[in-house]
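This is the structure, below, for whatever I ask next.
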Amino acid sequence: MITVRPAAKRGETQIDWLDSKHSFSFADYHDPANMGFRALRVINDDRIAAGAGFPTHGHRDMEILTYVLDGALEHRDSLGTGSVIRPGDVQIMSAGTGIRHSEFNPSDSEPLRLLQIWMLPERGGLKPRYDQKAFSAEERSGRLRLVGSRDGREGGVTIYQDIDLYAASLDRGQTVAHNIRPDRHVWIQMARGKASVNGKPVAEGDGVAITGEVRVEIAGVDGAELLLFDLA
């Protein structure tokens, strides 16, 4: 079964410096029919104004992954990590027993757009941790590039959960396929552009939940960029 979660149906938070779209229930947006998908609990599509961002705040017992689409994100945390995350980077923070961090757009003029994804960890009480890896546009062009997994294989980040995360960019005429093992499920998040998923048209901001299928084929239509989550 393939179910498309249309971009227009997402929740929204809008304040003077933030425009955030929520694929699943988050903060003041509550939708009992969309509380998450398997271990996925949050997919926020955030646009952050120049010079603005989230001041220091805390998390615990969550795997928090950031994927920047435009601009740059400056990150600082209570582990002593200071980094800048740019397009092509995949950053993960295991909140574990507790971590505090801030996230800002360091530019004086350029907006920032990112996807922030929260995933339940395999167990509570893990040691907090930070990881960040870069993947070139060429690595993600016309293929599903593994960028995160439980064992950090193929140079991806380590996720403390049974999830394989792939990134892809597809132009018109480019097609990728992913075989789905028994008892596995797939979520596709369209970051931008247009594509088709097993023949169903999808576009920027759409999410696609896939259960009970053995294979998914994704065809580029117009500048598609996407993340594919293979979940237990």
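Every number here is computed from the coordinates shown, using simple stated rules; none is lab data. Bear in mind that the values here come from a model prediction, so they are computed numbers and not experimental data. Ideal geometry is used to build each Cβ from the backbone, glycine not excepted, and the neighbour counts take in all protein chains shown.
Test of understanding: what is the full-extension gain from T13 to R172, defined as 0.36 nm times their sequence separation minus their Cα-Cα distance?
This chain segment gains 54.0 nm when fully extended.
Magnitude of the Cβ-charge dipole of the range 1-144, K/R +1 and D/E -1, about the Cα centre, nearest 20 debye?
Roughly 560 debye, rounded to the nearest 20.
Can I ask one more? Could you tell me which residue out of H178, M62, G11 lies farthest along the dipole of the chain toward its positive end? Charges go on the beta carbon: Lys and Arg +1, Asp and Glu -1, centred on the Cα centre.
The one lying farthest along the dipole's positive direction is H178.
Enumerate lysine pairs in the range 2-231 that are 8 or more residues apart or on different chains, then count those whose Cα atoms are under 20 Å apart.
4
Amide H neighbours of G148 under 5 Å, counting only residues 5+ apart in sequence or on other chains, H built in-plane at 1.01 Å?
V157, L165
Okay, next question. Figure the gain on full extension for S78 and R150 (residue separation times 0.36 nm, minus the Cα-Cα span) and round it to one decimal in nm.
23.5 nm
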